[in-house]
Amino acid sequence: IIIEIDGNIVMIQRKNHPYGWALPGGFVDYGETLEDAAVREAKEETGLDIIELQQFQTYSSPDRDPRHHTISTVFTGKGRGILKGSDDAADAKLFTKNTLPKDIAFDHRKILNDYFNHKNKL
């Protein structure tokens, strides 16, 4: 999930392999909707509540996750609360398009580039 707070993007520093900075997210539990999973994972990893949740795009390249083939449906939303990395996140911080960390996991740099390009078109 791409979480915005005052125009900044929330990213988490992963505790587990593959390491690096990533968008908050995780796997859907059996019987759970994608939307509920996005909100739950955001809360678990960042401590934030999500409002204005919207589906953005789905990513399915077989090599996007070095562990196995994963398909991700990316959501956007606004975060409310106190940002704090927890659960699978060693840390959580705010970034802008121009201050993104160098070590970004998975294909999350591509996802963020797509997001920023989409926002520029609006």
Meets criteria (exposed (fewer than 11 other Cβ atoms within 10 Å of the Cβ), farther than 25 Å from Arg40 by Cβ and not hydrophobic (A, V, I, L, M, F, W, C)) for Thr99: yes
Qualifying positions in the range 59-81 - in a loop (DSSP other than H, G, I, E, B) and either at pLDDT 95 or above or in contact with a Gly (Cβ under 9 Å, 6 or more places away or on another chain) (or both): Gly81
Lone unmet requirement of (1) open to solvent by less than 90 Å² (accessible area, probe 1.4 Å); (2) among the polar types (S, T, N, Q); (3) over 22 Å from Pro18 (Cβ atoms) for Ser72: (3)
Candidate set: the range 1-42, residues that are assigned to a strand (DSSP E or B) and of a type in the set (Val, Ile, Thr); chosen: the one farthest from the chain's Cα centre (by Cα): Ile5
Residue, nearest to Lys78 (Cα to Cα), within the range 12-23, restricted to residues that are surrounded by 16 or more Cβ atoms within 10 Å (Cβ to Cβ) and in contact with a Gly (Cβ under 9 Å, 6 or more places away or on another chain): Ile12
Filtered residues of the range 1-42 (kept if among the charged types (D, E, K, R), in contact (Cβ under 8 Å) with a residue 40 or more places away in the chain and under 14 Å from Leu53 (Cα atoms)): Glu4, Glu35, Glu41
Failed item, numbered, when Thr99 is tested on (1) of a type in the set (Ser, Thr, Tyr); (2) touching a helix residue (DSSP H, G or I) at 6+ places or on another chain (Cβ under 7 Å); (3) free of Cβ contacts under 8 Å to residues at least 12 places away in the same chain: (2)
Top-ranked residue in the range 111-122 [being part of a helix (DSSP H, G or I) and either of a type in the set (A, V, I, L, M) or free of Cβ contacts under 8 Å to residues at least 40 places away in the same chain (or both); ranked as most open to solvent (accessible area, probe 1.4 Å)]: Lys121
Residue match in the range 83-90 (condition: modelled with pLDDT of 95 or more, surrounded by 13 or more Cβ atoms within 10 Å (Cβ to Cβ) and of a type in the set (Asp, Glu)): no
Lys93, sole failed condition from (1) open to solvent by 50 Å² or more (accessible area, probe 1.4 Å); (2) within 11 Å of Ile12 (Cα to Cα); (3) in a helix (DSSP H, G or I): (3)
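The values are calculated or read from the model by the stated rules, or taken from the named source; none is laboratory data. As the structure is a computational prediction, the values presented were derived from the model and not from experiment. Cβ atoms come from the backbone with ideal geometry, glycine included; neighbour counts cover every protein chain shown. The protein model used for the area step is the full one, side chains on, heavy atoms only, and it has no ligands, DNA or RNA in it. Shrake-Rupley method; radii C 1.70, N 1.55, O 1.52, S 1.80 Å.
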